[in-house]
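No lab work stands behind these numbers, since they all come straight from the coordinates. Here the structure is a predicted model, which is why all the values come from computation and not from measurement. Cβ placement follows ideal geometry from the backbone for every residue including glycine, while neighbour counts extend to all protein chains displayed.
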Amino acid sequence: MFINHAMGPEPRHEWPTDLDVQALLSSGWSPSPFREFIVKVHSRCDLSCDYCYMYEMADQSWRSQPRAMSAEIADLVARRIGEHARKHCLDRVRLILHGGEPLLAGRDLIARLVASTRAQAGPGIRVDASVQTNGVGLSYSYLELFDELAVGVGVSVDGDATAHDRHRRFASGRGSYAAVSAALRRLRDFPHLFNGLLATIDLRNDPVATYEALADFDPPRIDLLLPHGTWASPPPGRVPDPGATPYADWLTSVFEQWYPKPRTGIRLFEEIMQLLLGGAATSESVGLSPARMVVIETDGSIEQTDTLKIAFDGAPATGLHLATSPLDDALRQPQVAARQIGVQGLSADCRACPVHRVCGGGMYAHRYRPGTGFANPSVYCPDLMALIGHIRDRMKADLDARLSRKADH
Ligand code: SF4
């Protein structure tokens, strides 16, 4: 029997709850099917990071979730993903094992979910599976399992020991850097599994030292994440003065170290550069590409991106559960549609902004303000504008210099 924990608190009547999806459909718009499935195989964590959006922010729905996903729900997840991929003729989907801390779910549940999702998808659909872990439990035996199952591994680490242990600690207060760096050394024996590092920025950490410490682990890519915040609860150091750009200043220092001779990829910079050249981004941090990601909670509830947990209690909820709803039902919800309609999903201020096609209003969750909902610029607006401007000017100067050298020959 499935217990539906998905209903949660009453939805708020703020944008985009009044978005008329029927009118959008009648105008010829059609939703983009999900391609990325974030599955919360375990709802608890073996760390107590003080900035965690799962446990430390407005939404507290983790408290009513079972600790681990059951085998029954894992099979249902696999069936619904397979059904969605086949219905929309997708050739490739991403299965991301997430938590809490996903490794706490255990080898059997993880192996079962990965194998049965691939079986349900069938031979014509590639399932790229990966796990996003804090690294603490990333044992050699887990790495051997991931090697066997072809599951990629992403690890969260914030820089050197001081930077990392500022926030990423055990409940006892002890830092986790020693455990995580040991796991990253084990991962060196499986370089083909290494997907990259996630690092949350703290302005107190030296930007260049942070970049170098992360690059020393030889990741194929680094994701530098802005700490979560909204207009109601701004991120640390993001003062109301629009002339202050502390996060752009920090990121610009990293960019200037990285750009002339990159040691590895940095997703935010690469995506901004790609967007400046007229391409598209794939992350939810910048750009206007439709969001094609859905979250499956530990109990089988269907949710929107989990970063919405920073906005208000119940913000990610859809009220849908896999036992009674195919994933297509979520595509018709205003909250999901709002993230698939490009410029139409931006606030009036963003639509009038000269960099809106690159910025895309920033990460959706960072736009929240009580009353106007998500119809606002990002709380990081000044930083995004300054960073994009810096990268654009740097690329332009570089291209101009190269073109004039070519003309001289
Ligand atoms: S820079 Fe600010 S106003 Fe411009 S698109 Fe981004 S968030 Fe909106």
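For the stretch 88-153, what D do you get in µm² per second when you plug the Kirkwood radius from alpha-carbon pairs into Stokes-Einstein at 10 °C and 1.306 mPa s? Value of D from the Cα-based Kirkwood radius: 129 µm²/s. The alpha-carbon of residue 309 sits under 20 angstrom from the alpha-carbons of these lysines, leaving out residues fewer than 8 places away in its chain: 40. With no solvent and one point on each alpha carbon, what is the Debye value of log10 I(q)/I(0) for the chain at q = 0.09, 0.10, 0.13 Å⁻¹? Log-scaled intensity ratios, in q order: -0.55, -0.68, -1.21. Charge tally for residue 112 (other residues, Cβ to Cβ under 13 Å; Lys, Arg +1; Asp, Glu -1): 0.
Rounded to the nearest 20, the Cβ-based charge dipole of the chain about its Cα centre (Lys and Arg +1, Asp and Glu -1) stands at 620 debye.
Charged neighbours of residue 290, selected by a Cβ distance under 11 Å, balance to +2 (K, R count +1; D, E count -1). The DSSP beta bridges internal to the chain are antiparallel in roughly 20% of cases.
Along the stretch 216-225 the Karplus relation, 6.51 cos²θ - 1.76 cosθ + 1.60 evaluated at θ = phi - 60°, assigns HN-Hα couplings of 4, 7, 6, x, x, 7, 10, 9, 8, 9 Hz to successive residues, with x for each Gly and Pro.
The helix-based estimate of mean residue ellipticity at 222 nm for the chain, built from -39,500 (n - 2.57) per DSSP H run of four or more residues and divided by its residue count, is -10000 deg cm²/dmol to the nearest 500. Each Cα pair under 8 Å and six or more residues apart adds its sequence gap; the mean of these over the residue count of the chain is a relative contact order of 22 percent. Ordering 223, 313, 216 by the number of other Cβ atoms within 10 Å of each residue's own Cβ, fewest first, gives 216, 313, 223. Near residue 246, within a Cβ-to-Cβ distance under 13 Å, what is the net charge of the other residues, with Lys and Arg +1 and Asp and Glu -1? Result for the neighbourhood of residue 246: -2. The lysines whose alpha-carbon is closer than 18 Å to the alpha-carbon of residue 406, local same-chain residues fewer than 8 away aside, are 396.
Residues 408, 329, 108, arranged from fewest to most other Cβ atoms within 10 angstrom of their Cβ, appear as 408, 108, 329. Inter-label distance, residue 162 to residue 216: 1.3 nm, where each label sits 7 Å from its Cα along the C-beta direction.
Each residue in 241, 46 was given a count of other beta-carbon atoms within 10 angstrom of its own, and listing them fewest first yields 241, 46.
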